[in-house]
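The values are calculated or read from the model by the stated rules, or taken from the named source; none is laboratory data. Note that the structure is a prediction, hence the values are computed from the model and not measured. Cβ placement follows ideal geometry from the backbone for every residue including glycine, while neighbour counts extend to all protein chains displayed.
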Amino acid sequence: MRVVKVFFSIVFLAILASNIRLISHWSESRGVYDDICYLRQAHLFQRFGWQGLDTSLARETDGYLAAKLHSIGYPNWNEPTLAPCHTQTADGSKRVMTPPPGTGFVLGLFPEGFQVVPLYVVANLIIAGFALYGLWRAREPLSLTSAALLGALSIYFMINPTKASYSMAPTMVVCALAGLLTARLFVDEGRRRLLMVAAVGVLLGLSASFRIANVVLSAGYFLFFGLSFLIWRSRETFVSGLVLGLSFLVGLLPVFAANLVNSGNPLVSAYGGQDTAPPSLDPAVLQAYLRDTQFPLIVIACVGTALLWRFAGLGGVRKLALLVAGNLALNLAFFATHPVFTQYYVIPILMLSLWTLLFAAVLSRGPAQGFVAHEADGPRPSEMLSRISH
C-alpha cells in the first residue's frame with residue numbers, strides 16, 4: 001500500500017502544480033461583476049480596518065469602484081447608483097453591498113492588485129494537504145481507493161468550478177476542515193466531544209461569511225442534534241445541541257456585524273434579488289442539475305452515505321451516516337427549489353459530505369471488516385439492544 005500512496009501523492013502534487021501554474025496567469029479583471037464587489041470589500045478593509053464592514057457607496061471617495069468597473073467594460077461604470085451587487089437600504093438612506101464580508105476579508109490579507117492569485121494558491125495548498133492526510137491515513141484498500149479518487153478530484157475542483165466565484169475558494173477549505181472535525185466527532189466519541197461540537201459549529205457559522213447560502217450547510221447538523229435530544233432526552237444530547245447552536249452563532253458574528261452596520265439590524269441582510277425569491281420547483285433548474293457535473297457527484301455522495309450506513313455497524317459512525325444523509329437531503333432540496341442554477345451551488349454540501357465520509361472511513365478501524373465478522377457470527381439480540389441503547 002505504501003507504493004500506491006507514494007504514487008498518488010505524486011499525482012496530487014502534479015495536479016497541484018498544474019493548478020498553481022494556471023492560477024498564476026489569472027487576471028483580476030475578468031469581467032465578472034461579483035469579483036469587483038469582493039475586491040471592493042477587500043479594499044475597504046485595507047483602507048479602514050474593521051470599519052470596512054461599512055460598504056456604503058458614500059465612502060467611495062477614491063474612485064476605486066469606478067476604476068474597477070471601467071477596467072471590465074461595465075457600461076455604467078461612472079454611475080454609482082447602477083453599480084452591480086449593491087442595493088438600497090430599506091430606509092433609502094444609502095446603497096450598500098449585498099455579499100457578506102468574509103471573502104473580502106480573506107482577499108484583503110494580500111496586497112492590493114495581487115489578491116486573487118495568492119488566495120487561490122493558498123486554498124489549493126490547504127486542500128492538497130487534506131487530500132494527502134486522507135491518503136496516508138487510509139489503512140484498507142477501499143478507503144485508500146476513496147482517498148485517492150476524492151483527493152485528485154478535490155484538488156482539480158479548486159480550478160473548476162471553484163474559479164467561478166471568489167467565495168468558493170475559502171468555502172472549499174472550510175468544508176474540508178468541517179468534514180474532518182465532523183468525522184472525528186463521531187469516530188472518536190467521548191474524546192473532547194463538546195470541544196469538537198463547538199469547533200464544527202463555529203466553522204459552519206463562519207462559512208456563511210463567504211456565501212450566505214452556506215448557512216444551509218448547518219441544516220442537517222441541527223436536524224440531527226435536535227432529533228437526538230427529542231428521542232433520548234438526555235443531558236448529553238441537550239448540552240451538545242446547545243453548544244452547537246451557541247458556537248454557530250459565534251461563527252455568524254461577522255455576518256451579524258455587517259448586517260448591523262449596513263442595514264441597521266443584525267438579522268436583516270442587504271442580500272436581495274433572485275436568490276431570495278420564494279422556493280419553487282422549476283423543471284428547467286432540475287434538468288440543469290441533471291446535465292451538470294454536479295449530478296454524478298450527488299450520486300456518489302448518496303451512494304457513499306448508504307455504504308457507510310450499511311457497513312458501519314451500530315456505533316458512532318452509523319450516527320454520522322444519518323447526519324450526512326439528512327444534511328444532503330435538506331441542502332439538495334433547498335437548491336433544487338432555488339430559482340436559479342449555477343455550476344457550483346451544490347458543490348459545498350457535496351464536498352462537505354464527501355470529506356466527512358472519507359475521513360470517517362480512514363479514521364475508523366476497519367468498519368467493513370467488523371461488519372463482515374459480525375454477520376458471520378450472528379449478533380445476539382441482547383448485544384444489539386445494548387449497543388443501540390449505548
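Okay, here's what the table says:
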| read-out | value |
| --- | --- |
| Qualifying residue in region 230-244 (condition: under 19 Å from the mean Cα position of the chain (by Cα) and not assigned by TED's automatic domain parsing to the domain that holds PRO100) | yes |
| Answer from ALA183, ALA198 - the residue that is under 15 Å from PHE359 (Cα atoms), in the same structural domain as SER353 (by TED's automatic domain parsing) and either of a type in the set (A, V, I, L, M, F, W, C) or not in a helix (DSSP H, G or I) (or both) | ALA183 |
| Extreme residue, surrounded by the fewest Cβ atoms within 10 Å (Cβ to Cβ), among residues of region 56-77 that are in contact with a helix residue (DSSP H, G or I) (Cβ under 6 Å, 6 or more places away or on another chain) and not hydrophobic (A, V, I, L, M, F, W, C) | ASN76 |
| Residues that are buried (at least 21 other Cβ atoms within 10 Å of the Cβ) and β-branched (Val, Ile, Thr), drawn from region 143-172 | ILE155, THR162, THR171 |
| Test: residue in region 177-186 that is modelled with pLDDT of 95 or more, among the aromatic types (Phe, Trp, Tyr) and within 20 Å of the chain's Cα centre (by Cα) | no |
| Test: residue in region 34-52 that is closer than 14 Å to THR103 by Cβ, surrounded by fewer than 17 Cβ atoms within 10 Å (Cβ to Cβ) and in contact with a Cys (Cβ under 7 Å, 6 or more places away or on another chain) | yes |
| Helices (runs of 4 or more DSSP H) completely within region 40-154 that count 3 or more residues being out of contact with any His (no Cβ under 6 Å at 6 or more places or on another chain) and free of Cβ contacts under 8 Å to residues at least 60 places away in the same chain | 64-71, 116-137 |
| Number of the condition not met by SER280 [criteria: (1) within 21 Å of the chain's Cα centre (by Cα); (2) among the small types (Gly, Ala, Ser); (3) farther than 19 Å from GLY179 by Cα] | (1) |
| Matching option when the condition is part of a helix (DSSP H, G or I), surrounded by 18 or more Cβ atoms within 10 Å (Cβ to Cβ) and modelled with pLDDT of 95 or more, among ALA329, ALA258 | ALA258 |
| Enumeration of residues in region 174-202 that are buried (at least 21 other Cβ atoms within 10 Å of the Cβ), under 19 Å from THR162 (Cα atoms) and among the aliphatic types (A, V, I, L, M) | VAL174, ALA176, ALA178 |
| Number of the condition not met by HIS25 [criteria: (1) in contact (Cβ under 8 Å) with a residue 24 or more places away in the chain; (2) over 25 Å from the mean Cα position of the chain (by Cα); (3) closer than 20 Å to MET168 by Cα] | (1) |
| Any chance LEU281 is touching a residue at least 12 places away in the same chain (Cβ under 8 Å) and surrounded by fewer than 19 Cβ atoms within 10 Å (Cβ to Cβ) | yes |
